[in-house]
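**Student:** Before we start, here is the structure in question, set down as structure tokens.
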Amino acid sequence: MYSVIFIVVWIIFYFIFDSTGVAFAFTNSKESQFNNNNIIVRNIMLFILYMIGLALICLIELIRVINKIDSVENSIDSLLNNSIELKFPQDMNKIEASLKKIRQTIIDNVKMAKDAEERKNNLVMYLAHDLKTPLTSIIGYLSLLSEADQLPAEQRAKYTKITLDKSYRLEDLINEFFEIASYNSKSTLIENNKINLRIMLEQLIDEFCPIFMEKGITCELLASQEIKIMADSDKLARLFDNLLKNAVNYSYNNTNIRIEIKKQENFITITFENTGDEIPKEKIPHLFEKFYRVDVSRGTKHGGAGLGLAIAKNIVELHNGTIDVKSYEQKTIFTIKLPIKEWSE
């Protein structure tokens, strides 16, 4: 734009100065000499004007570049301050969009780092609490059994059973911690063997019958056909145990848990559905995070260490499957998809 203006001005000046030297070829020598001098003066002035104009254009362009650099510098300084709007000249829209994208990435990374730090701090707290609670009970009951020599046999048997239950709980917690650590280290391997899913889930439901009876819960297994697959039986049993335990813990009393197996084209779908409080939408994306609890007020007896669903997700992913959850109208449904080939007799 500035170049066009300069050329137009240069042409105007050229014709203004050129009018003094028109038709000099048809005059006498003195007039010719005068016209030649005028031409020289005109050309010198035109050259001076040209250089002045060129200098002005360069100065204006330099100022524009400096302003753009200042805009970029100010925007870089304010990248981490989300309250300051990034604003650039119209011809720098691409740079503005790129910097806004970088700002959002930085903000997201900072938030992720803070969340990770918070989870690490919670990890220490949960480990200390979850291990200390049963350990304190074990020490207390063993001390009582050791010091109270005249304790009635019935009372002694009761305290012994409580101590044993707490010991089993402590063992389960330690096993969970080691298990999640092994999944994180990517050292866990799959040992595939032949599994009848229906029989496996029926056996699991039978094992949970005493727990169902405590809350008046019934459990329904729906499977249209026998489904036999190749998978790691120990890990799948662990997966289903975690999901069923979660369903029991968060079900209302006297309700039904529904487990359904469906065979589809290249994968198998297993769903666990229970009736209970709806999970808030903002908490659903965090359900499979380690040490995450929907209800932090629950103790380890009911809420666990917050590792069950994290372990379940790791097991599903080891089998190249997916797991997701939906919660609405007092229904919570976990859906597992396993792309596992069937085997035949």
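**Student:** Only residues that are among the aromatic types (F, W, Y) and either modelled with pLDDT under 80 or under 20 Å from the mean Cα position of the chain (by Cα) (or both): list them for the range 285-338, please.
**Tutor:** F288, F291, Y292, F334
**Student:** Might you check whether a residue that is in the same structural domain as L135 (by TED's automatic domain parsing), β-branched (V, I, T), under 23 Å from P134 (Cβ atoms) and buried (at least 16 other Cβ atoms within 10 Å of the Cβ) occurs anywhere in the range 241-252?
**Tutor:** No, there is no match, as no residue in the range 241-252 is in the same structural domain as L135 (by TED's automatic domain parsing), β-branched (V, I, T), under 23 Å from P134 (Cβ atoms) and buried (at least 16 other Cβ atoms within 10 Å of the Cβ).
**Student:** Further, regarding this structure: Filter the range 256-279 down to the residues that are in contact (Cβ under 8 Å) with a residue 40 or more places away in the chain and part of a loop (DSSP other than H, G, I, E, B), then identify the one that is surrounded by the fewest Cβ atoms within 10 Å (Cβ to Cβ).
**Tutor:** Applying the filter and picking the extreme gives N266.
The values are calculated or read from the model by the stated rules, or taken from the named source; none is laboratory data. These numbers were taken from a predicted model, which means no experiment stands behind them. We place every Cβ from the backbone using ideal geometry, glycine too, and count neighbours over all the protein chains shown.
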